[in-house]
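Presented below is the structure to which this report refers.
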Amino acid sequence: MPKRTDISSILIIGSGPIVIGQACEFDYSGTQACRALKGEGYRIILANSNPATIMTDPDFADATYIEPLTVEVLEQIIRKEKPDVILPTLGGQTALNLAIELHENGILKKYKTKLIGASPEAIATAEDRQLFKDAMSEIGIASAISGSAHNLSEAQAVVSKIGLPVIIRPAYILGGKGTGIAETEESFNDLALKGIDASPINEILIEQSVKGWKEFELEVMRDCRDNCVVVCSIENVDAMGVHTGDSITVAPAQTLTDVEYQKMRDSAFACLRRVGVETGGSNVQFAVNPKTGEQIIIEMNPRVSRSSALASKATGFPIAKIAALLAVGYSLDEIPNDITKKTPASFEPVIDYVVTKIPRWTFEKFPGTPDILGTQMQSIGEVMAIGRTFPESLQKAIRSLEIGRTGLNADASEAVFDKTTTARLLKSIALPSSNRIFEVESLLRRGQKPEKLSRLCGYDPWFLHQMKRISDARTNFAAQDFRKLSARDLKAIKQLGFSDAQLAYLAKVDPEAITSRRHALKVEPTYKMVDTCAAEFSADTPYCYSTWEDETEVVRSKRKKVMILGSGPNRIGQGIEFDYACVHASFALAEAGVESIMYNCNPETVSTDYDTSDKLYFEPITLEDVMNVIAVEKPDGIIVSLGGQTPLKLANVLPQKLILGTSPKAIDRAEDRKEWSKLCQKLNIPQPPGGTATTLEKALAVARRVNYPLLVRPSYVLGGRAMRIIYNEQQLAATFNEVAGIGALIQEGGLSAERPVLVDHFLSDAIEIDLDALRDTKGNVAVAGIMEHVEAAGVHSGDSACVLPAQNLSKSTLAMLIKYAEAIAKELQVVGLINIQFVVRDEQVYVIEANPRASRTVPFVAKAIGVPLAKLATRIMLGESLDSLKSIYDFKVNGQKLLQRTKPKRLVSVKESVFVFSRFSNTDIVLGPEMKSTGEVMGIGENFAEAFGKAEVAASFKIPNAGFIVITVADFAKQAILPIARSLLGMGFHLIATKGTASFLQENGIVVSQTIAKVSENSSDNIVEFINNNEVRLLINVPNGSTKAQTDGYQTRKAALERHVFVVTSLPAIKAIVASMQESRHRRHVVRSLQSQ
Amino acid sequence: MTPGALVLQDGTVFEGYVFGSEKSISSGEVVFHTAPTGYQEILSDPSYAGQIVTFTYPHIGNYGINNADNESRAIFARGVIVRDYHEAYSNYRATKSLDTWLKRTNVAAITGIDTRKLTRHIREQGALPGAFGSASLRELQLAAKKEPGTAGIDLVKAVSTKKAYSVGSGKLRVTALDYGIKSSIISQLATFATVTVLPADSTSEQVLASRPNGIFLSNGPGDPQTVNYGVQTIRKLLGHAPIFGICLGHQLLATALGGKTVKMPFGHHGGNHPVQDLSTNVVEITSQNHNFAVIESSLKDAVVTHRNLNDNVVEGLRSTLYPAFSVQYHPEAGPGPHDARHLFTAFKSLMEQT
C-alpha cells in the first residue's frame, strides 16, 4: 500500500535525556524516523528535551520543541501544532508511556489525533505483564508461571503458588529498574515492596525464575499487509538472570538448530499479531532451557528498542527508518533495501560475520555500589564489534571498550585474575560481574573444562570452547619465537582477534616489533562490507569492518577524504554530545564536498548509521586498528578533536601531518600543568594557585603552599574522573592513594611524570564559567557561548546546571572573559573549537583550564544560539575562515566578538543534568567535582526563571502547588535559606524542618509546620520516616561538605530518592528552583519551537 | 588439521584445512548457501547431489548433528566449504560433531576459506565446478577441469528411491514421485494423507495404479531438462488428479505444460528469499535451493502465481487447464521459515474438491 495521504503532519516523541536503559539509540532511531518521514513530505513536529541529540537539530523537523516531556507540555504542543497523528514507537519507553497517558487523559480524543505505529491496546497488552501472559497463553505460547500483585499480601499469596526463587518485575518500567531475583522470603518481601514502588501503576509481576536458561532476542517487523520478517536474532552470552542491556550479546544466534530457531520465529510473529502491533518493529525475548530445549517467551517491546539499534548496526537493516515508513502505510516490499538498492526491504537479512556487543559499565564512578550484574540494568553505554568469527569479534569488542584492555586478557591487566586462586575464581564466576569474562578465560587457560565452567557461569559451552581457542592460541604463541612464525601462522592468530599489543605482551616485546614483523610478512587486515545479504547481491553502501582473510573489497575513492574518529562507548563524562559533534563534522564535510569517513564502535549512535557519512568503519578505536584503516584509505586528514578524550588520546601517535585543526602539541600544552601555568603567566591571566604531584609528599608540599581547600584531579581524564575537593591532610592522603592506586584509572594510563595529579587551591563560593569559542587559521576568534553555572564552583561542570547567556556577570567581567579566551586561543594557535573554564569571585576572573577541542557543551550552545558550532569547527579545520562561512551558516560575529545568528536569539537557555542515582542505591547524590550525570535536558524561556523551571521539569521535577517541603541545612547556609523559606511559605507550602533548621527559621519569624528529628537523633521517628510516610514535594538539603556514607544527610537523601522526592542540595539551585516555582504560578507553560525562535 | 586447497575451474585457488572424510580430492559444482542455521538439513537434502556447498555463515557445526533433522538417508552434497569449523558443539539434541558425521558418510570438507571472497566470485562468475582436498594443487586443478558441473546431467536417478514405499495413514492418498524427496515434505504430506513414494522413473500407469487423490512432484537435484522421463509421465498424469510440485517438481510441471527452463548464474540458496503471492500481494520469506528457473515467457497453459522480489524469478505457477500448481521454493522448510506451509493445506483442499 502506498503511503497515507489522509495525514499531513506527524508528532514524533523523543526519549528525553540519556539515562541508564535509554541512551543515544533513541537519537539514532528518532533521527532516522524524522529524516524518512520528512523525506516523504510530511510536516514533522518533534518533542524532545535533550539538546545533545541530532534529531533536535532544526533541520530534522519542521517544528522542533526542546521542551519537557510531560503530558501537560505535549498537550500544549498538540494544541498549537494540531498534528494529524502521533508516532510514539521511536522514543523508547518514555514516548510509549507518554502516549498511553495522552490516550488515558483523553487528550488524543480532544484534539482528534491518533497514535500510529502502536495502538493504546497493543501497548497495554505488551506492557502489562499479566495481560501479556494471558494473551500468550491464549495463542499457545508458553511463558514463565507468574502472577501480579499490588501490595505485599497479594505478592505473598502469589509466591506461595509459584515457589522461590522468583523474579520480581515492576510494570511499565524501562531498563529493568526495580527488578530483582528473590531466593529467600526476606529478600522477596524487600524486592516486592521496592518493585511496587518503582512501578508507575504500583504493580509487580512475580514470576518463576528461569535464571540460568539461555536468552535470545528476535528483532521483528510487521507491515500493514501482515508481512512479518525477522531482522536479526541475538543470543546472550550471559544466561537469564543478567539484564539484556548488561549482557554480552552476539548476533546471530549461535547455538540454535534451525528447528529451534524456526519455532522461535513462529512464536515471535504470533506474538506480534496477537499483541496487535500493526506496523513497525518489535523486540521479542525468549528463554530456552539448555537441557530440554523448552522455550518460553519472556517479553516483547512494541517499539524500537536498544536491541533494534544493535540489530540495525549488526545487519545494515535500518529498523527505525523502515518502522517509520511502515507507520505511514508503506508495506515492506514497497521500500527498497538501501544497501543493495536492487532488492526490497521485505526480506530477512543474513550476515556472514559475528557481531558482539559488550556493555560499558562505570562502577568506578559509584563507590559503594558492588560490581555485580543482575536483572536491573547498570551499564551506561555499549560497544559493538564485527569479526568473521566469535573469537575475533569478542576480542575486538573488548578492546573497543576502552577499559585499558587489549583483548580477552593477554595484557598487563590480566595479572589480577591470574593471581587469584582457582577456587576463588570458580566461586567468583558464579556471580555475574563486569570482569567475569576475564576470570573465565583465566580459568580456561588453567585447563578448567568448558562444560564445568558452563555449569558455574551459565555461558553456553559453545562460547566457552570458542574462548578456549583464544586461550590455547596464546599459550601456543607464547611458547614460540614470534620471529620464526610463518605468515600463515601469524595470520591464524590474528584471525582469532588478537591485537598486536596482546601479541607483544605475550612475546615480551614492544607492539611495534609485532607490527613491523607483520608488515614484513605482509600479514595485513582485509576489509569486508556489511551488506544485509552475505554477499549474495552487490552492496552500494560502504559499511566496513576489518578481518584477516584473502580479499579486501573496499574500494578507495579518488576524492579528497577526511576521517573522523568517534568517541567510542557512552560513559559518564563522554556521552552523546561528542557523537553529536562527530556527526556534524560528517555533515559539514559533505557540505564542503569532501568525502567523510566515520570511524567508531558504538552501535547506539547516529554516527554509526551507514548513511551519516560517505563511508563507515565499525572498528575499535585503538592505534593499531586506526593505523590499519589509514593504510587502506590514505585520508587527507583526520579529525580527532570532536570525539572527546578517546580520539584525542591517539593524537600524539597518529601521523602528525594528518591531524586537522589544533596541533596535538598545543593540546598537550593546555593539558600539561607546567606548560599551562607558564602560558597563563605569559598571558598575564590569573590562575588559582596550585601545582602538580606524582607522589603524596609532593602533593602535601603543594598543599602547604596554596592552602586548603584543594581541588585535586588527575590529568588527561574527562568527566572529572577521581576529581575531589579536599579540606585537610587526611583527605588528601586518601584521595591521592585512590588516584594513584589500582582500578580503572590505572587502566586508563596511570600516574607518571607525563600524567601527574593536579593540586590546586579551591575557590569556594565562586561563579564557574564555561566558555566555548572558535578560532580560524587567519586568527579570527569568535566566542560562541559564555555559560554561567547555576551551582557554585566545585560541582563538576558536566553536572552543574548552566545558563546562557550568563545572568550575573558584569559587562567588564564579560569583556575580561572574552579577552582572556582570545589570548589563550591565539597562544595555543587553536584551529577550531576551544572550551575554557573560569571562576569568577568578586569581579576577579581566574582561569581553571582550557581544552582546545569540542566540549560537552557544544550541542547546547549550538541550539541556544542557533549556529551549528561543530560544523563551523570542521570547516575551519579544513582551512576555511569564519568570514567565508558566515553566509553559508547564517551567523555573524558582533563587536564583542560574540558569535550570533544573523537574527540573534533573544531567549534564555538552561542546561540541566540528569542523574541515575536511584540505580546505584549506595551512592550519595550530593554533587561534587567528579561528574556523575548521564544526560542533559534543556529549558528555553523568556527569562532565567522560566528557562530553569522548564529544565527542572524536563529533569523530572514536578512543580508543586502545595504540600510539604522538608528543609534541613548546614549552619553556613541557614542565613541564605531565610528568604527562600519565606517565599515558600508565601506560596502556601507547609515547611517541615529538622531541629536546628527549624529553630533558626522560627527565631526569624517563619512558621514551621512540624519539627522532626534527624536519623541520628531518633532511630524510629525521624526525617526518613516522615519522607516515607508523607507526600513530600521537595527536599532542601544543604550538607556541610562531608560525603561520608552514613551521615544523616546521606540517609535522608537516599530515602528521598527512593520515594522519588526531588532533592536540591546547593543554595544557588534552591534559589533558582524557588524563582521558577514563583514564575510558574504567574503563567502557563509556553512552548516555542526552535524554528520560531 | 591437514592443509588443503580449493581450486575452481577458472583457476582461482583458496587455501584452507581439510576435515571430514580423508579422501584427498572432492569435486563438484561450487554453490553458496546463505542460511546461518540448518546445515544438517541442507547437507542431507538430495537436491545438493553433484554440488559442493559453501556456507556463507562462518561458524558451521555449532550445534552438532542430531538424530532427527536429516532430510534423507545420506549426505548427497559432494563436499562442504566453511570459513571456520571447530570441533566443539553444543545442543541438547546433538549426538555427534559435523566432522564425525562427514567422516562416517565419507564426505570431505574444507575450512579456513575466505568464503566471502568465494561467494563474491561465484556471484560474479556464476556457479563453477571446482575441487578441493589435501591433494596437490596440480591434481586439484585437473579434477576441477574434469568436473562437468550440473547442466545437462541427470542426477535424479542416483538419489531417487529404487523401491516404492508408504508413509502415514491419512484418508487421502498422495502419490509422490521421488526425484530426491526431502523427509520434511513427506512429513508435511503425511499430516493429512497416506503418502506413497514412487521412484522417479515410474510410469503414469504405475502412478495411477496407486489410485491417488493427489500427485506430488518432489524436489531434486540438477538440470530439469535431463529428467525427460519425468516430464513424459507428468504430461500423462495431468487432469487425472490434482498435482502439486516443489522445486525440481515445479520445473518438471512447467516443462510438462510446455514451458522451458534456464540455468541461473548462481541460483537461489538460502532461507531469506522474499516471494510475493501475486493474487494477495502477501510476501513470504521462503527457503530456496535451485540453480534452474522457469522462463516466464515460455509458459502457455499456465500462469505465474508467485515471484521472487529480489530478481523477479518465477517462483510459482498454476495450470490454466488442469488442477495443478507448483512452487520453486520450499514451503516444507527444513531448513527455513514456515511462512508457506499453508500450500500443503491448499493441496489438500484441492484434493478434497476433486
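The values are calculated or read from the model by the stated rules, or taken from the named source; none is laboratory data. From a predicted model like this one, the values you see are computed outputs, not experimental measurements. As a convention, Cβ positions derive from the backbone with ideal geometry for all residues, glycine included, and neighbour counts pool all protein chains shown.
Taken as a whole, the stretch A:199-216 holds at least one residue that is within 14 Å of chain B (Cβ to nearest Cβ), in contact with a strand residue (DSSP E or B) (Cβ under 7 Å, 6 or more places away or on another chain), within 30 Å of A:Ala324 (Cβ to Cβ) and at pLDDT 95 or above. Scanning the stretch A:329-363 for residues that are crowded, with 23+ Cβ neighbours inside 10 Å, under 27 Å from A:Thr5 (Cβ atoms) and either within 29 Å of the chain's Cα centre (by Cα) or more than 11 Å from chain B (Cβ to nearest Cβ) (or both) turns up just one, A:Tyr330.
Considering the stretch B:18-127, the qualifying strands (runs of 3 or more DSSP E), each wholly inside and each with 2 or more residues that are more than 30 Å from B:Pro224 (Cα to Cα) and within 14 Å of chain A (Cβ to nearest Cβ), run over B:94-96.
Listed by position, the strands (runs of 3 or more DSSP E) enclosed by the stretch A:956-1068 that each have at least 1 residues that are modelled with pLDDT of 90 or more, of a type in the set (Ser, Thr, Tyr) and farther than 27 Å from A:Gly794 by Cβ are A:1010-1012. The numbered conditions (1) facing chain B (nearest Cβ under 10 Å); (2) out of contact with any Gly (no Cβ under 7 Å at 6 or more places or on another chain) are all true for A:Asp258 except (2). If you go through the stretch A:497-551 and keep only what is at the interface with chain B (Cβ under 10 Å from one of its Cβ atoms) and over 23 Å from A:Ser613 (Cβ atoms), you end up with A:Ala534, A:Glu536, A:Trp548, A:Glu549, A:Asp550, A:Glu551.
Within the stretch A:432-446, identify whether any single residue is loosely packed, with under 13 Cβ neighbours inside 10 Å and either on the phi < 0 side of the Ramachandran plot or touching a Cys at 6+ places or on another chain (Cβ under 8 Å) (or both), and answer yes or no. Within the stretch A:432-446 (the criterion being loosely packed, with under 13 Cβ neighbours inside 10 Å and either on the phi < 0 side of the Ramachandran plot or touching a Cys at 6+ places or on another chain (Cβ under 8 Å) (or both)), the answer is yes, since at least one residue qualifies.
For the stretch A:564-573, filtered to residues that are out of contact with any Phe, Trp or Tyr (no Cβ under 6 Å at 6 or more places or on another chain) and not in a loop (DSSP other than H, G, I, E, B), the residue that is modelled with the lowest pLDDT is A:Arg571.
State whether the residues of the stretch A:389-403 include one that is in contact with a Leu (Cβ under 8 Å, 6 or more places away or on another chain), outside any loop (DSSP other than H, G, I, E, B), surrounded by 24 or more Cβ atoms within 10 Å (Cβ to Cβ) and free of Cβ contacts under 8 Å to residues at least 60 places away in the same chain.
Applying the first criterion (in contact with a Leu (Cβ under 8 Å, 6 or more places away or on another chain)) to the stretch A:389-403 yields A:389, A:391-392, A:394-395, A:398.
So of that shortlist, the ones also outside any loop (DSSP other than H, G, I, E, B) come out as A:391-392, A:394-395, A:398.
Of the ones still in play, those that are also surrounded by 24 or more Cβ atoms within 10 Å (Cβ to Cβ) are A:391-392, A:394-395, A:398.
This time we only want the ones that are free of Cβ contacts under 8 Å to residues at least 60 places away in the same chain, so: A:398.
For the stretch A:389-403, residues in contact with a Leu (Cβ under 8 Å, 6 or more places away or on another chain), outside any loop (DSSP other than H, G, I, E, B), surrounded by 24 or more Cβ atoms within 10 Å (Cβ to Cβ) and free of Cβ contacts under 8 Å to residues at least 60 places away in the same chain: present.
For the stretch B:314-352, the candidate set comprises residues that are over 30 Å from A:Leu256 (Cβ atoms) and under 17 Å from the mean Cα position of the chain (by Cα); within that set, the residue that is nearest to the other protein chains (Cβ to nearest Cβ) is B:Val314. Number of residues in the stretch A:196-221 that are of a type in the set (Lys, Arg) and surrounded by fewer than 22 Cβ atoms within 10 Å (Cβ to Cβ): the value is 1. Looking for something assigned to a loop (DSSP other than H, G, I, E, B), away from chain B (no Cβ under 14 Å), touching a residue at least 40 places away in the same chain (Cβ under 8 Å) and buried (at least 24 other Cβ atoms within 10 Å of the Cβ) - is there at least one such residue anywhere in the stretch A:308-327? Yes, because at least one residue in the stretch A:308-327 is assigned to a loop (DSSP other than H, G, I, E, B), away from chain B (no Cβ under 14 Å), touching a residue at least 40 places away in the same chain (Cβ under 8 Å) and buried (at least 24 other Cβ atoms within 10 Å of the Cβ).
Any residue in the stretch A:119-137 that is in contact with a Lys or Arg (Cβ under 6 Å, 6 or more places away or on another chain) and either touching a residue at least 60 places away in the same chain (Cβ under 8 Å) or under 16 Å from A:Glu299 (Cβ atoms) (or both)? Scanning the stretch A:119-137 turns up at least one residue that is in contact with a Lys or Arg (Cβ under 6 Å, 6 or more places away or on another chain) and either touching a residue at least 60 places away in the same chain (Cβ under 8 Å) or under 16 Å from A:Glu299 (Cβ atoms) (or both). Residue under question is B:Phe14, and the condition is that it be more than 26 Å from A:Pro461 (Cα to Cα), in a strand (DSSP E or B) and either within 11 Å of another protein chain (Cβ to nearest Cβ) or modelled with pLDDT under 95 (or both); does it hold? Against the criterion (more than 26 Å from A:Pro461 (Cα to Cα), in a strand (DSSP E or B) and either within 11 Å of another protein chain (Cβ to nearest Cβ) or modelled with pLDDT under 95 (or both)), B:Phe14 qualifies. Acidic (Asp, Glu), touching a residue at least 60 places away in the same chain (Cβ under 8 Å) and assigned to a loop (DSSP other than H, G, I, E, B), is that true of A:Asp238? Answer is yes for this residue. Annotation: of all residues in the stretch B:51-76 being among the aliphatic types (A, V, I, L, M) and under 20 Å from B:Ala108 (Cβ atoms), the one that is surrounded by the fewest Cβ atoms within 10 Å (Cβ to Cβ) is B:Ala74. For the stretch B:257-270, residues that are away from chain A (no Cβ under 14 Å), touching a residue at least 40 places away in the same chain (Cβ under 8 Å) and either within 27 Å of A:Val220 (Cα to Cα) or in contact with a Phe, Trp or Tyr (Cβ under 7 Å, 6 or more places away or on another chain) (or both) total 1. Taking every residue in the stretch A:102-117 that is at pLDDT below 95 and pairing it with any residue that is of a type outside the set (Val, Ile, Thr), at least 6 positions away or on another chain, the pairs with Cβ-Cβ distances below 6 Å are A:Gly117/A:Leu87; A:Gly117/A:Gly280; A:Gly117/A:Ala327.
Among the residues of the stretch A:862-899, which ones are hydrophobic (A, V, I, L, M, F, W, C) and within 18 Å of A:Pro58 (Cβ to Cβ)?
Here is the first cut: in the stretch A:862-899, the residues hydrophobic (A, V, I, L, M, F, W, C) are A:862, A:864-865, A:867, A:869-870, A:872-873, A:876-878, A:882, A:885, A:888, A:891, A:893, A:898-899.
Scanning the stretch A:862-899 gives A:Ala862, A:Ala864, A:Ile865, A:Val867, A:Leu869, A:Ala870, A:Leu872, A:Leu885, A:Ile888, A:Phe891, A:Leu899.
Only residues that are touching an Asp or Glu at 6+ places or on another chain (Cβ under 9 Å) and either surrounded by fewer than 18 Cβ atoms within 10 Å (Cβ to Cβ) or not assigned by TED's automatic domain parsing to the domain that holds B:His330 (or both) were counted across the stretch B:283-304, and they come to 1.
Taking A:Ala815 and the conditions (1) hydrophobic (A, V, I, L, M, F, W, C); (2) in contact (Cβ under 8 Å) with a residue 60 or more places away in the chain; (3) not in a helix (DSSP H, G or I), which numbered condition does it fall short on, given that it satisfies the others? It is condition (3) that A:Ala815 fails.
Across the stretch B:271-311, the qualifying residues are those that are within 11 Å of chain A (Cβ to nearest Cβ) and either of a type in the set (Ser, Thr, Tyr) or at positive phi (or both), and the one among them that is nearest to the chain's Cα centre (by Cα) is B:Ser287. Of all residues in the stretch B:311-332, those being assigned to a loop (DSSP other than H, G, I, E, B), in contact (Cβ under 8 Å) with a residue 60 or more places away in the chain and either surrounded by fewer than 24 Cβ atoms within 10 Å (Cβ to Cβ) or in contact with a Cys (Cβ under 7 Å, 6 or more places away or on another chain) (or both) number 5. The single condition among (1) among the small types (Gly, Ala, Ser); (2) without any contact (Cβ under 8 Å) to a residue 12 or more places away in the chain; (3) within 28 Å of A:Leu256 (Cβ to Cβ) that B:Ser297 does not satisfy is (3).
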